[in-house]
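A short write-up of the structure that comes next.
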Amino acid sequence: MRFRLPLLAGLLLLPGAAMAQVQAGPTLTAVRAKGTVDCAVSPGTPGFGAPDSQGVYRGLDPDTCRAVAAAVFGDASRTRFVPVAGGQRPTSVQTGAVDIVTSTFTWSHSRDTANALNFAAINFYDGQSFLVRRSANITSSRDLAGAAICTTAGSTSELNVADWARANNLQYRPVVFERADEARNAYASGRCDAYSTDASQLAAIRSALANPADHIVLEERISKEPLGLAVRHGDDQWLDIVRWSFYALVEAEELGITQANVDEMLNSQLPAVRRLLGTSGEHGPMMGLDRRWAYNIIKALGNYGEIYERNLGPNTPIGLQRGVNNLWNRGGLMYVPPIR
């Protein structure tokens, strides 16, 4: 029987043979020419994306963008963050204003298809809930019948609240704003009885209120919100780079590779570690990147767990346990394909 050897980008791959780096596609070429990876981020959601006192964007989403920059340039600082309101996120990437949407962006059917987007990965599993005042003695979402509820225009949150009310035969008064910070300010000033968006964001918003203990996030979840990274249709190489840049963070955590020990791990003889860090295999060149693409990510940012802990974890003001965002072998949903 005759077997065909696999072909990749016009190159014949022989067992054990070195592979030349594939040519850069249109997005990678453009990114290298301008010198930055441009990412849409939230105008300000603590823990997920907000400027610090020095104006530097911090959070899970900016760090995910930095991971792509580290993979492409070997330098995580080669990023440009563009604050984008919820309804403008698809347009920002469709028009080329940004290269990636990293902005608490729910992966949904319409966004994936009608908006001509490709979702590269899920970087946070979430669900929508309600932020309410403790003094209101609200224990269930059904207690919000007739309430004024703040949401953001063009977001899945707006649609989910409408679906929730319809499914439960409840009336409510929608108070809708263009920007998330406007909705948060309206809730804080008492213009609405509840604010509804992803539960993790509500925890972040609560932490930034004047008296966080006066507010609670209801335990109920009225939706599934897989938050992901999106790129425009039409460039599979760029999709691969964004996807595997995030996957490398999760794979590093599973393999026990951290920002502190990544240099030591270069000497590991474990095949999975060697492939991830580029000491064997050609996984970087397969995407048009350097062999050390994943090493550069981990050296700059750490692994997914480290990013989570410094931005969202129990020792931050937001104080979120890992829960479903833990690794698959620790009871969570974070599970990525192998690098081999």
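The values are calculated or read from the model by the stated rules, or taken from the named source; none is laboratory data. Bear in mind the structure is a predicted one, so any value in this text is a computation, not a measurement. FYI the Cβ positions are ideal-geometry reconstructions off the backbone, even for glycines, and counts take in every protein chain you see. Note: areas computed on protein heavy atoms with side chains; ligands, DNA, RNA excluded. Shrake-Rupley method; radii C 1.70, N 1.55, O 1.52, S 1.80 Å.
One table, with the values for the structure above:
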read-out: SER207 being in a helix (DSSP H, G or I), open to solvent by 10 Å² or more (accessible area, probe 1.4 Å) and either without any contact (Cβ under 8 Å) to a residue 24 or more places away in the chain or out of contact with any Pro (no Cβ under 8 Å at 6 or more places or on another chain) (or both); value: no
read-out: Matching residues, region 151-184, being within 28 Å of the chain's Cα centre (by Cα), over 19 Å from VAL84 (Cα atoms) and not in a helix (DSSP H, G or I); value: PRO174, VAL175
read-out: Elements of type helices (runs of 4 or more DSSP H) contained in region 37-136, each with 1 or more residues being of a type in the set (A, V, I, L, M, F, W, C); value: 60-73, 89-94
read-out: Sole exception among (1) open to solvent by 20 Å² or more (accessible area, probe 1.4 Å); (2) in contact with a strand residue (DSSP E or B) (Cβ under 7 Å, 6 or more places away or on another chain); (3) hydrophobic (A, V, I, L, M, F, W, C) for ALA33, by number; value: (2)
read-out: Filter result for ASP143 (assigned to a helix (DSSP H, G or I), without any contact (Cβ under 8 Å) to a residue 12 or more places away in the chain and within 30 Å of PRO212 (Cβ to Cβ)); value: yes
read-out: Selected residue [in contact with a His (Cβ under 9 Å, 6 or more places away or on another chain), farther than 18 Å from ARG66 by Cα and either open to solvent by 10 Å² or more (accessible area, probe 1.4 Å) or touching a residue at least 40 places away in the same chain (Cβ under 8 Å) (or both)] from ARG232, ARG275, ARG322, ARG330; value: ARG275
read-out: Conditions (1) closer than 18 Å to TYR125 by Cβ; (2) open to solvent by 30 Å² or more (accessible area, probe 1.4 Å): number failed by ARG291; value: (1)
read-out: Condition met for ALA71 (touching a residue at least 40 places away in the same chain (Cβ under 8 Å), hydrophobic (A, V, I, L, M, F, W, C) and farther than 22 Å from TYR125 by Cβ); value: yes
read-out: Verdict on VAL132 being over 30 Å from ILE307 (Cα atoms), touching a strand residue (DSSP E or B) at 6+ places or on another chain (Cβ under 7 Å), of a type in the set (Val, Ile, Thr) and in contact (Cβ under 8 Å) with a residue 24 or more places away in the chain; value: no
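Yes/no per residue for (1) under 21 Å from PRO43 (Cα atoms); (2) open to solvent by less than 30 Å² (accessible area, probe 1.4 Å):
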residue: VAL68; (1), (2): yes, yes
residue: ALA71; (1), (2): no, yes
residue: GLN128; (1), (2): yes, yes
residue: THR139; (1), (2): no, no
residue: ALA145; (1), (2): no, no
